[in-house]
Amino acid sequence: MPHRSAYVCLPCRASFKHGERRERVCPQCAGQLIHAGDAFEAPRRRDTEAWQVVSVLLNAGVRFHQRCCGCGPGYRPRTMREVRERITHARRYGETVASALVRPDLYA
């Protein structure tokens with residue numbers, strides 16, 4: 001069985017699992033799907049803040065892939081407050097936004 005990854009439609013707040021490589025189009029709106037990774041777990045559709053966080057992460061290039069030990073993708077912010085803190089940190093210290101978003105501790 002091919003490896004299955006999640007693909008996300010941000011406007012529809014929907015996630016789809018696909019196993020083969022081909023162009024990804026949302027079945028609901030026909031928009032382009034974004035590859036989210038094999039460890040992505042979609043928030044509930046009505047959780048707008050969680051979808052805002054997902055949007056920031058995916059648009060920054062952060063994906064949700066299993067690590068080699070099978071223990072999940074590592075730290076990902078869950079609230080917009082955490083996202084804002086990490087973006088501020090990235091700007092202040094010259095770090096990329098993507099790397100600041102996946103840091104579990106900003107000041108380590």
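Miscellaneous remarks
- For the chain, the longest principal axis of the alpha carbon atoms and the long axis of helix 80-93 meet at an angle near 60°.
- Loop exposure criterion: GluC sites (Glu not before Pro), DSSP state outside H, G, I, E and B, at most 14 other Cβ atoms within 10 Å. Applied to the chain, the longest stretch between such sites is 42-108.
- Nonlocal amide H pairs with V25, under 5 Å, H built at 1.01 Å: L33
- The residues of the chain expose on average 64 square angstrom of accessible surface per residue, using a 1.4 Å probe on protein heavy atoms.
- Globularity index of the chain, i.e. its alpha-carbon radius of gyration over 2.2 N^0.38 Å: 1.12
- Residue (of Y75, V25, A60) at the positive-pole extreme of the chain, dipole from beta-carbon charges: V25
- Nearest 10 degrees, 0 to 90: helix 48-59 Cα axis against the chain principal axis: 90 degrees
- Taking all protein chains as they are arranged and a probe of 1.4 Å, the heavy atoms of R84 leave approximately 140 Å² accessible to solvent.
The values are calculated or read from the model by the stated rules, or taken from the named source; none is laboratory data. Bear in mind the structure is a predicted one, so any value in this text is a computation, not a measurement. All Cβ positions, even for glycine, are placed from backbone atoms using ideal geometry, and neighbour counts span all protein chains on display. Please note that ligands, DNA and RNA were not included when accessible areas were found on the heavy atoms of the full protein model with its side chains. Shrake-Rupley method; radii C 1.70, N 1.55, O 1.52, S 1.80 Å.
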